[in-house]
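Throughout, read-outs are computed from the coordinates displayed, never taken from laboratory work. Keep in mind it's a predicted model, so treat the numbers as computed, not measured. Reconstructed Cβ throughout: ideal geometry from the backbone, glycine too, with neighbour counts over all protein chains shown.
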Amino acid sequence: MASEWRYRGHNFQTADVDFIRGFIAANPDASRWALSRKLCEVWNWKQPNGALRDMVCRGLLLLLQRAGEIQLPPVRRSPQHFLSKQTGPEPLVPDNRPVRGPLGKLGPLVIEQVRRTPQEALFNSLVEQYHYLGYEQPVGEHLKYLVSAQGQAVACLAWSSSPRHLGCRDRYIGWDQQARRRNLHLLAYNTRFLILPWVQVEHLASHILGRMAKQLPRDWQGLYAHPVYLLETFVDSERFRGTCYRAANWGVLGRTTGRGKNDSTNQVNRSLKEVLTLPLHRRFRELLQEGR
């Protein structure tokens, strides 16, 4: 039997495994779902916004069972994962009247966070239909924004948790492996930015990015109860020049390796992308390195 287990950045000693074993024995009628939630409450294992780290706890319990360390109760139900049922967002017919002219005459822009709102379906549909990468259901912390002018959608932006390993970014921040694991949630990654194809307004994209740099940290703090100190994104240089990001003061750090996060061959298997970032705090390096 191993004397120490490591899972998702946490170390678990033999005493912890013994506690879990006794906890299961003391709750003989509890399902796996109930056990993981109760265990989170006992350990006060919560996200910054107060939600239980239920999925992480269930992963730990499964790891220990597969290693023969604990015996979980039988599975009571095996529902198909909701992502496997998805065939893509339902296509909605948007208001596609041409939007042209100078930015100053566009009228007030409304940038609305639409995750968990009635407008989320429209956001998902627009990204699926008009973004070259389509729509993907985010996992983990994420926000979705719909930008409108005079009641008509003109742009969509999606933000999510940042990639775990990114060489040029990690060197730019200067953090070590422990600091990265501890503070990665303090970064936000712009996964989608779409100006709808019937919109032709010069400087609109960089203007939206400038507004987002002020609004996103407030919204992220409100939902997830922690700050964001650095924004980042990838730009496919074979398709785009990233002009709007540069105009909004984002800096180019370097390029991806083209191997993806799960690479095991060390061979390039996708297009190289430029990595751009925007610090949101003048002491961002210190805050990310030390975890204050």
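Sequence-ordered 3J(HN,Hα) estimates for the stretch 46-55 from the Karplus curve with 6.51, -1.76 and 1.60 and θ = phi - 60° stand at 9, 6, x, 8, x, 6, 5, 7, 5, 5 Hz, glycine and proline given as x. Taking Cα centre as origin and charging only the Cβ of basic (Lys, Arg, +1) and acidic (Asp, Glu, -1) residues, the dipole magnitude of the chain rounds to 280 debye. 3J(HN,Hα) along the stretch 179-190, derived from phi through the Karplus expression 6.51 cos²θ - 1.76 cosθ + 1.60 where θ = phi - 60°, amounts to 5, 5, 4, 6, 10, 4, 5, 8, 10, 10, 10, 7 Hz, with x in place of Gly and Pro.
Mind checking the angle between helix 32-43 and the chain's longest principal axis? C-alpha axes, 0 to 90 degrees, to the nearest 10. Rounded to the nearest ten degrees, it is 90.
Debye-formula intensities of the stretch 4-66, expressed as log10 I(q)/I(0) at q = 0.13, 0.19, 0.26, 0.28 Å⁻¹, are -0.32, -0.70, -1.31, -1.47 (one equal scatterer per alpha-carbon, no solvent). Using the Cβ-Cβ distance between ARG241 and GLN177 with R0 set to 35 Å, the FRET efficiency from 1/(1 + (r/R0)^6) comes to roughly 0.55. Against the chain, whose longest principal axis comes from its Cα atoms, helix 120-130 is set at around 60 degrees. Relative intensity of the chain on a log10 scale, I(q)/I(0) at q = 0.13 Å⁻¹, equals -1.06, per a Debye sum over C-alpha point scatterers of equal strength in the absence of solvent. Among the GluC sites (Glu not before Pro) in the stretch 123-214, those located in a DSSP loop and surrounded by at most 11 other Cβ atoms within 10 Å of their own Cβ are GLU202.
Maximal additional length on extending the LEU72-GLU112 stretch stands at 10.0 nm, based on 0.36 nm per residue less the C-alpha distance. Output the 0 to 90 degree angle, nearest 10, between the alpha-carbon long axis of helix 204-224 and the longest principal axis computed from the alpha carbons of the chain. Between the helix axis and the principal axis of the chain, the angle is about 30 degrees. Estimated purely from DSSP H runs of n ≥ 4, each contributing -39500 (n - 2.57), the mean residue ellipticity at 222 nm for the chain is -10000 deg cm²/dmol once divided by its residues.
If you take the charge dipole of the stretch 104-290 about its Cα centre, with +1 on Lys and Arg Cβ and -1 on Asp and Glu Cβ, which of GLN215, SER160, TRP250 is farthest toward its positive end? Going by the charge dipole, the pick is TRP250.
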